[in-house]
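For reference, the structure is listed below as structure tokens.
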Amino acid sequence: MSETKKKVELRSAQWFGTQDKNGFMYRSWMKNQGIPDHEFQGKPIIGICNTWSELTPCNAHFRKLAEHVKRGILEAGGFPVEFPVFSNGESNLRPTAMLTRNLASMDVEESIRGNPMDAVVLLVGCDKTTPALLMGAASVDVPTIVVSGGPMLNGKLDGKSIGSGTAVWQLHEQVKAGEISMHKFLAAEAGHSRSAGTCNTMGTASTMACMAEALGTTLPHNAAIPAVDARRYVLAHMSGMRIVDMVWEDLRLSKILTKEAFENAIRVNAAIGGSTNAVIHLKAIAGRIGVDLELEDWTRIGRGQPTVVDLLPSGRFLMEEFYYAGGLPGVIRRMGEGGMLPHKDALTANGKTLWENNNDAPIYDDEVIRPLDKPLLKDGGICILRGNLAPRGAVLKPSAATPALMQHRGKAVVFENFEHYKERIMDPDLDVDANDILVMKNCGPKGYPGMAEVGNMGLPPKLLAAGVKDMVRISDARMSGTAYGTVVLHVAPEAMAGGPLGIVRDGDYITLDCAGGQLNLEISDEEMAQRQAARAEQKVEGAKSGYQQLYINHVLQADEGCDFDFLVGSRGSAVPKHSH
Ligand code: FES
């Protein structure tokens, strides 16, 4: 043991390090698992925070992942303790996994702080599990390393690759337009999710895995190794080894999650064509660690960064090809060589800087990770919009949009909520044409509640049948990272919180100007004030008590990361009082 190692006082010693009544109790009950005395003699206790659940299929292989992390911890001289936390599964959880992201973060925070652990390994995968666990861990700030579960293998239909989620949106539109049979639709369902892992497109799960790597909270290559590739388990083993040294180095999250790290991540999000959901999640994580991140940072840092990763839904390939092409290290190398990585010296979990880790990363396929001068999109940064329709901001993902529609004026076709949309969009007599703008209200954090991924409203069937592929859509909802279209999202304040989105009427004209960052409703200030004054007080239907009511009462708006007002900030890792 080195001198440095001896100097670190283990947090877990405050449970297991005393020869008294308390030490007896903490050790004795743990011993019922067959743990010998020497395991309590000053070894770092490493928590493995596991989001395993059979109801979160993307994380259903995590017991095996945890076993490999444990091997690494044991090899490095630590003692692993695995514990479960709330698992947010995007595919099954209703009304939306976003509703429980903050709940999971509370579970994580209190589990870490209240238990004997010196550091934690976060096993994350499905969309919300990554931000939820990082948020919770950031609020405690012990040494932390993230291990993602990895993406699924490519989906297959008719011998060709299909991408998670993206195929669902595309094929559903084709069924509605009468272009493919129900038989083919169901064949796609069978070949869509062929292995363990998360969505294989550059959806929110892949984006957040890339964000975790770009932020420096993982070992290199964590984002893209397929879930079933043996190298994923090697990475888990190595992460287990590394976290033990992070204890001795006292390498806490707050040393890694700096403003510089978030700026790198914003830039990387543009380079990968990442999900709009990253805007909300990064803000929430930053808020927990005390970093001030504003919507304008996305414009200041992200704009001008070419999208070089050619993955669905913006491009052609999937995460499997991304890994074989060089993965995120290849992207970071390209960015750094092109002068597009703002902070090369940002510290990462292995103790090296981001640039030290990635400056010589090999790139095997220029089609998948394109050169900076042959990008998928010249300016891939998330477009932040403001104006009288979104005083506190809205977002649009340029790489998923139709360039011709990013500057658009159109007549509003308004839906009061998601149910109204579903009912009205099918009406063959709906007065709508391709130049109109679909506007949906009451799908924001409070309104849905939980801000579901319903912002990419499917187009009216009669327009689909006429060959229309895209229209401008505006809402206070989110959109799946696997979705696409000229979709304005996260309008803040949301309609349910009194935002101007709530006063838009059928036939109003709206202008969208992505280049100028503007989203405006063409009515006078007087008219706006009159309509606002005439609004009846709105309440979320059905919510009276329980977690849902807590959520409505305390959730912040999209520009603030949708965290709970009482959870923002770090509450530290001080050991709580004894329980007996
Ligand atoms: Fe879990 Fe997409 S549904 S990652």
Taking amide hydrogens as modeled 1.01 Å from N in the peptide plane, which residues meet the under 5 Å criterion relative to L377, leaving out close sequence neighbours?
T307
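Which value does Rg/Rh take for segment 489-580 over its C-alpha atoms, Rh per Kirkwood?
Values: Rg = 19.3 Å, Rh = 16.8 Å.
Rounded to two decimals, Rg/Rh equals 1.15.
What per residue convex hull volume, in Å³, comes out for segment 51-209 when only alpha-carbon positions are used?
Details: hull volume 17.8 nm³, N = 159.
Here the figure is 112 Å³ per residue.
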Can you tally the net charge around V175? Count Lys and Arg as +1, Asp and Glu as -1, for every other residue whose Cβ sits under 12 Å from the Cβ of V175.
-1
Where does segment 338-389 land on the Kirkwood hydrodynamic radius, alpha-carbon pairs, in angstrom?
14.1 Å
Where a label projected 7 Å from the Cα of Q538 along Cα→Cβ would reach, residues of segment 468-498 with amide N under 16 Å
474-478, 489-498
Using only alpha carbon positions, build the gyration tensor of segment 1-97, then give the equivalent ellipsoid semi-axes as the square roots of 5 times its eigenvalues, largest first, whole angstrom.
32, 16, 13
Nearest 10, in degrees from 0 to 90: the angle of helix 166-176 to the longest Cα principal axis of the chain is 30 degrees
Below 13 angstrom from the Cβ of C210, what's the summed charge of the other residues (Lys, Arg +1; Asp, Glu -1)?
-1
Whole-Å distance, taken between Cα centres, linking segment 346-389 and segment 456-508:
28 Å
Grab the Cα-Cα distance for L372 and D565, subtract it from 0.36 nm times how many residues apart they are, and report the gain in nm with one decimal.
65.4 nm
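About its Cα centre, how strong a charge dipole does segment 383-540 have in debye, to the nearest 20, once Lys and Arg get +1 and Asp and Glu get -1 at the Cβ?
On the way: 17 positive and 20 negative charges, 100 e Å.
Approximately 480 debye in magnitude.
Give me Rg over Rh for segment 150-281, both radii from the alpha carbons and Rh done the Kirkwood way, two decimal places. The partial results should precede the final answer.
Numbers: Rg = 18.3 Å, Rh = 16.8 Å.
Result for segment 150-281 is an Rg/Rh of 1.09.
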Starting from the Cα coordinates of segment 422-580, work out the convex hull volume and express it per residue in Å³.
189 Å³
Intensity falloff of segment 225-359 expressed as log10 I(q)/I(0), Debye formula with alpha-carbon point scatterers, at q = 0.12, 0.16, 0.20 Å⁻¹
-0.53, -0.97, -1.40
Test of understanding: extend the Cα→C-beta vector of N435 to 7 Å, then name every residue of segment 383-420 with backbone N under 17 Å from that spot.
404-413
About the Cα centre, charge dipole magnitude for segment 454-580 (Lys/Arg +1, Asp/Glu -1 at Cβ), debye:
640 debye
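Which FRET efficiency value, to the nearest 0.05, do you get for Q41 and L550 by plugging their Cβ-Cβ distance into 1/(1 + (r/R0)^6) with R0 = 41 Å? Don't jump to the answer; show the numbers that get you there.
Details: r = 43 Å, r/R0 = 1.04.
Plugging the Cβ-Cβ distance into 1/(1 + (r/R0)^6) gives 0.45.
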Roughly how many debye, to the nearest 20, is the charge dipole of the chain about its Cα centre, given +1 on each Lys and Arg Cβ, -1 on each Asp and Glu Cβ, and no other charges?
1200 debye
Rg (one decimal) and Dmax (whole number) from the Cα set of segment 531-572, in Å, equal 13.8, 46
Where both residues lie in the chain, what percent of DSSP beta bridges are antiparallel, nearest 5?
45 percent
Could you bin all the Cα-Cα distances of the chain into 10 Å bins starting at 0 and give me the percent of pairs in each, rounded to whole numbers?
4, 18, 28, 26, 15, 7, 2, 0
Long-range amide H partners of I48 with built H, under 5 Å
V81, E82, F83, V121
Per the charge dipole of the chain (beta-carbon charges, Lys/Arg positive, Asp/Glu negative, Cα centre), the residue among L341, P44, S193 reaching farthest to the positive end is P44
Amide H to amide H under 5 Å from F415: which residues, 5+ apart in sequence or cross-chain, H placed 1.01 Å off N in plane?
V439, M440, K441
Sticking with the crude label model, points 7 Å out along Cα→Cβ, report the distance from T353 to D292 in nm, one decimal please.
2.5 nm
Cα-Cα over 22 Å: which of K128/K352; K352/K374; K31/K70; K176/K469?
K128/K352; K352/K374
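Sum -39500 (n - 2.57) across every DSSP H segment of at least 4 residues in the chain, then divide by the residue count to get the 222 nm mean residue ellipticity, nearest 500.
It comes out at -10000 deg cm²/dmol, rounded to the nearest 500.
Between K411 and V575, how high is the FRET efficiency from 1/(1 + (r/R0)^6) when r is the Cβ-Cβ distance and R₀ = 56 Å? Nearest 0.05. All intermediate terms of the calculation are to be shown ahead of the outcome.
Working: r = 61 Å, r/R0 = 1.09.
Once rounded, the FRET efficiency stands at 0.40.
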Between S181 and D513, Cβ-based FRET efficiency (R0 41 Å, step 0.05) works out to 0.50
If each of K469 and E9 carries a label point 7 Å out from its Cα toward its Cβ, how far apart are those two points in nm?
6.4 nm
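Given segment 422-566, what percent of its DSSP beta bridges are antiparallel, to the nearest 5? Could the numbers behind the result be given before it?
Details: 5 of 11 bridges.
Antiparallel: roughly 45 percent of the beta bridges in segment 422-566.
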Let me check I have the definition right: for segment 44-114, take the eigenvalues of the Cα gyration tensor, multiply each by 5, take square roots. What are those semi-axes in whole Å, largest first?
25, 15, 6
What's the extension gain from S254 to F24 if we count 0.36 nm per residue and subtract their Cα-Cα distance?
79.5 nm
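Rule-based calculations on the coordinates, nothing more; no lab input. Since we're looking at a predicted model, the values are computed, not measured. Quick reminder, even Gly has a Cβ in these numbers, built from the backbone with ideal geometry, and neighbours come from all protein chains shown.
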